[in-house]
1. If I filter segment 259-271 down to residues being within 13 Å of TYR312 (Cα to Cα) and buried (at least 21 other Cβ atoms within 10 Å of the Cβ), which single residue comes out as modelled with the highest pLDDT?
2. Quick check on my filter: what residues within segment 71-87 are within 16 Å of VAL164 (Cα to Cα) and surrounded by 24 or more Cβ atoms within 10 Å (Cβ to Cβ)?
3. Taking PRO4 as the residue in question, decide whether it is within 20 Å of PRO181 (Cβ to Cβ) and not aliphatic (A, V, I, L, M).
4. Do we have SER90 as within 16 Å of the chain's Cα centre (by Cα) and either surrounded by fewer than 24 Cβ atoms within 10 Å (Cβ to Cβ) or in a helix (DSSP H, G or I) (or both) here?
5. Write out, first by first residue and then by second, each pair whose Cβ atoms fall under 7 Å of each other, whose residues are 6+ apart or on separate chains, and whose first residue, in segment 271-282, is touching a residue at least 40 places away in the same chain (Cβ under 8 Å) and of a type in the set (Asp, Glu) while the second is surrounded by 19 or more Cβ atoms within 10 Å (Cβ to Cβ) and assigned to a helix (DSSP H, G or I).
6. Which of the residues spanning segment 10-65 are in a helix (DSSP H, G or I), more than 30 Å from ARG193 (Cα to Cα) and hydroxyl-bearing (Ser, Thr, Tyr)?
7. For segment 121-146, which residues satisfy the criterion of being farther than 20 Å from LEU268 by Cα and surrounded by 21 or more Cβ atoms within 10 Å (Cβ to Cβ)?
8. Test ASP362 against the criterion of being surrounded by fewer than 22 Cβ atoms within 10 Å (Cβ to Cβ), free of Cβ contacts under 8 Å to residues at least 24 places away in the same chain and either at positive phi or assigned to a helix (DSSP H, G or I) (or both), and give yes or no.
Amino acid sequence: MTTPSVVVMLTLLLGIQPVTTDLYLPALPTLQRDLGASVGAAQFTLSALIIAFGLAQLVCGPLSDRFGRRPVLLVGLSLYTLASLASAASASIEALIAWRALQGAAMAAAVTCGRSIVRDLYEPAPGARMMSRALTGLGVIAVLSPLVGGVVVEAFGWHATLLVLALFGSVSLLDVALRLPETVPRRDPGATRPARVLRNWAEVVGNPTFRAWALLGGCTFGGLFCMLAGSSFVFIRNFGVGRVEYGLILGSISLAYIGGTFWCRRLLLRHGLRDAVKRGAAFSLAGGLSMALLSLAGVHTVWAILLPQYLYAIGHGVHQPCGQAGAVGPFPEKAGTAASLSGFAMTLTALGVGLWLALTLDDTVYPLTLCIGAFSVALAAVAWTLVQRHGEPARPARALAGTLPA
């Protein structure tokens, strides 16, 4: 595979997560009304997806280490496409929650194997740059998803947004089927044995480098997920923003994130993984703290949330590729397991955010702004302490497969 083909495939595999959540967000208030559901039940269609996604990663990682990335991807993407079609046909909130859960479980195969493929092919430093390129593509998907979702909901209703997800899944499945060779260096026949799984988990979690990067990834994703899960109700319901305008708002946040991924590549070339994260944390902290302080000062407007979120998104564009590459870096022989555990850590964070919003979301901005502010403080603390102490300095930027221009 050439470098461009790797970037495109990784963009599809990793981009399946934001397209599954972001494109669907403008539909939440509509489906809540159409299905006669409560706000909490409508939110749980997203939370159920994230819970299933997190748990399934723990299964997909060892499976991909044993059988290879390709077969796990083919099965996972097939199930994702079928679950998307069934979700679109749902006539009750209970059925929708069930199919979205299956969709999240299938999505885990794509994301876990995508992260593992990066470690299969590249050392940590070039792997982080490759990840940042793929995440730039993910950012483009994140820009378009809420815009497309808003237009589709207005024109065809919320069922149609899930049909778009089925189309995305089928395109990703076709790309894997036609172009992906097996990338796992050596299959491990015992990777799924319970005793081996527990031993591998203990080894990965016991590694301080993994813990530092995984915690960083969880913190940066927590702040992002708070915006994703809570912003539709704050902007649409509380501020009266239209669905298409809301899509534009989320798209503009994704543009800031894309800018962060470009900056990330420059930082990696000049300063390495640890220093890149140290600089990115300043943006995350400035964004999250200013959002929280503005809300506490009584400034409750769209721009008082949006401008600070731009800063947070720029920092996220640095932390996400560095955190994902750093977490799997020490484990080339069990990249699937390491990727699944780092992803599970992010999912646990998202689950906590979902529960927080379900219990506290009201007609104020405080549940959203204070949550993002808290995550920005935690993220900066991790980036400036644990990552600096335990995040190994980048090894020479040597690609194990393909070419990776600077």
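The values are calculated or read from the model by the stated rules, or taken from the named source; none is laboratory data. Note that the structure is a prediction, hence the values are computed from the model and not measured. All Cβ positions, glycine included, derive from the backbone under ideal geometry; neighbour counts span all protein chains shown.
1. First, pick out the residues of segment 259-271 that are within 13 Å of TYR312 (Cα to Cα): 259-261.
Next cut, buried (at least 21 other Cβ atoms within 10 Å of the Cβ) only: 260-261.
On the way: GLY260: 90, THR261: 85.
In this case the residue turns out to be GLY260.
2. Start the filter on segment 71-87 by keeping residues that are within 16 Å of VAL164 (Cα to Cα), which leaves 77-87.
The answer is LEU77, TYR80, ALA83, SER84, SER87.
3. Numbers: within 20 Å of PRO181 (Cβ to Cβ): yes; not aliphatic (A, V, I, L, M): yes.
So PRO4 fits the description; yes.
4. Numbers: within 16 Å of the chain's Cα centre (by Cα): no; either surrounded by fewer than 24 Cβ atoms within 10 Å (Cβ to Cβ) or in a helix (DSSP H, G or I) (or both): yes.
No.
5. none
6. Within segment 10-65, the subset in a helix (DSSP H, G or I) is 10-22, 25-34, 39-65.
Those left that are additionally more than 30 Å from ARG193 (Cα to Cα): 11-12, 15, 18-22, 25-34, 39-46.
Selection gives THR11, THR20, THR21, THR30, THR45.
7. First, the residues of segment 121-146 that are farther than 20 Å from LEU268 by Cα: 140-146.
Selection gives ILE141, ALA142, VAL143, SER145, PRO146.
8. Details: surrounded by fewer than 22 Cβ atoms within 10 Å (Cβ to Cβ): yes; free of Cβ contacts under 8 Å to residues at least 24 places away in the same chain: yes; either at positive phi or assigned to a helix (DSSP H, G or I) (or both): no.
The answer is no for ASP362.
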